[in-house]
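Following: one structure in structure tokens, then a few remarks.
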Amino acid sequence: MVDRPLFFFSVSLITISILFSYSLSTFAALYYEYNEFHFMIRQCIAGVLGILLMWGISKCNPDSFILKFGFLLFFGGIFLMFIMHFLPESLATSAGGAKRWIRLPFFSLAPVEFFKIGFVIFLAWSFSRRFSLEEQKDLKEEFITFLPYTLVFLIAVYLIAILQNDLGQIVLLGTTLALMMIFAGSSFKLFLYLLSFTFTLFIIIIITSAHRIMRVKAWWAGTQDLILSFFPPSIANSLRVENLPEPYQVQHSLNAIANGGILGEGLGNGLIKLGFLSEVHTDVILAGITEEIGFLGLMCISLLFLSLIFRILKIANRCENTIYYLFCSGTAIILGFSFLINAFGISGLIPIKGIAVPFLSYGGSAILSSSIMIGMVLSISKRAKIS
């Protein structure tokens, strides 16, 4: 039987997203001279399609569907992300000087959102064959086993971090790769070595990009006073950097959160959406939500999201099929860490990465890909033994 609570949690988050796509898009609709319901209607269409996809996929037989569909998304995503770089501007939409969306009739497609699903399926299938929770390997054998995944990850780095200039998605995929490997049965020592390698690669990617260096500087400008307050004055003064760029995104997000207080300003009464930050209904939607319905409202949404993640992990824990167990675990990692990366970004704990909040942020590709993942988990739930 399909896991009904998981379906209910997902539909509830999509409904909240549709509501705030109207409430928080006021300035964007005026700026682009759209109808006031423009963003709400588009999000509503994506949300309804997402719910239908979720329901339809949940009815499929996972034994004959999951792997075939997952590999289609994996290789199809690689192909689309590669050719997208060579498409003319009339067929590919750019952001920050990099092409990230393919223009189709009535909507734009972000291939990376669907590639993430295929990436999790590929890892679940491959890890189930190469790693074992019962079998113990020495570190050298584990390194040899992991080498092919390094190549796959580097391909993803090239297609996403370099061609699309999107480091946030690579951080998310790298985290998923490392944690799924732990769930599959690899040693913690290998995890630490890979974490060191990933951190080194991460630093190299940052220092070779001027705009990423500027983003780190903007983040440090807003957080150095708090961090350096824990150090002795002599050390703090040597680490302090003057004349840094103003972290306007984080500053306005924090102002919105502070302005919301406990109960919020009221639905539709937020100020951050009035030109202080562009398109609040997308990447900084959590700040806009907090301003309008307050800390208590955000806590309710967070608990709803946490319940969704808990339900996925419960399904994973009851799966006897290793591939299904790893896929459900990977889905929980992708969705959970997307939420955390976004929340930490708007609160200034880490640089803002531009990661959408699953189900909540405006965007058809993001909501459809999240719905597909949940639909696949719902399909698998029919094979899980849940009380």
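The values are calculated or read from the model by the stated rules, or taken from the named source; none is laboratory data. Every value quoted in this text rests on a predicted model; they were computed, and no experiment measured them. As a convention, Cβ positions derive from the backbone with ideal geometry for all residues, glycine included, and neighbour counts pool all protein chains shown. Calculation scope for accessible area: heavy atoms of the full protein, side chains included, ligands and nucleic acids excluded. Shrake-Rupley method; radii C 1.70, N 1.55, O 1.52, S 1.80 Å.
What the table shows:
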item: Accessible surface, per residue, of segment 280-361 when the full set of protein chains is kept, probe 1.4 Å, Å²; result: 31 Å²
item: Estimated inter-spin distance, residue 188 and residue 226, nm [label 7 Å along Cα→Cβ]; result: 2.9 nm
item: Charge tally in the Cβ shell below 15 Å around residue 58, where Lys, Arg are +1 and Asp, Glu are -1, residue 58 excluded; result: +3
item: Value in Å of the Kirkwood radius, where segment 233-372 supplies the Cα pairs that are averaged; result: 16.7 Å
item: If the convex hull is drawn through the Cα atoms of the chain, its volume per residue in Å³; result: 159 Å³
item: Accessible surface of the chain [probe 1.4 Å, protein heavy atoms]: carbon and sulfur percent; result: 68 percent
item: Segment residue 243-residue 382, extension gain: residue separation times 0.36 nm, minus the distance between their alpha carbons; result: 44.3 nm
item: Heavy-atom accessible area ranking, 1.4 Å probe, most first, across 51, 374; result: 51, 374
item: Summed residue charge, Cβ within 9 Å of residue 271's Cβ, Lys/Arg positive, Asp/Glu negative; result: -1
item: Residue-normalised accessible area of segment 60-211, given per residue in Å² at a 1.4 Å probe; result: 50 Å²
item: Charge context of residue 173, other residues only, Cβ under 14 angstrom, K/R +1, D/E -1; result: 0
item: Segment 1-141 - Rg (one decimal) and Dmax (whole number), Cα, Å; result: 19.7, 62
item: Separation in nanometres of the label points that stand 7 Å from Cα toward Cβ, at residue 158 and residue 313; result: 3.6 nm
item: Rg and Dmax [Cα atoms of segment 296-337; Å; Rg one decimal, Dmax integer]; result: 11.7, 39
item: Cα-Cα over 26 Å, subset of 99/353; 68/189; 273/353; 116/353; result: 68/189
item: Amide N of segment 342-378 lying under 17 Å from the label point, which is placed 7 angstrom from the Cα of residue 104 along Cα→Cβ; result: 363-373
item: Spin-label pair residue 140/residue 36, simplified geometry with 7 Å Cα→Cβ offset, distance in nm; result: 7.2 nm
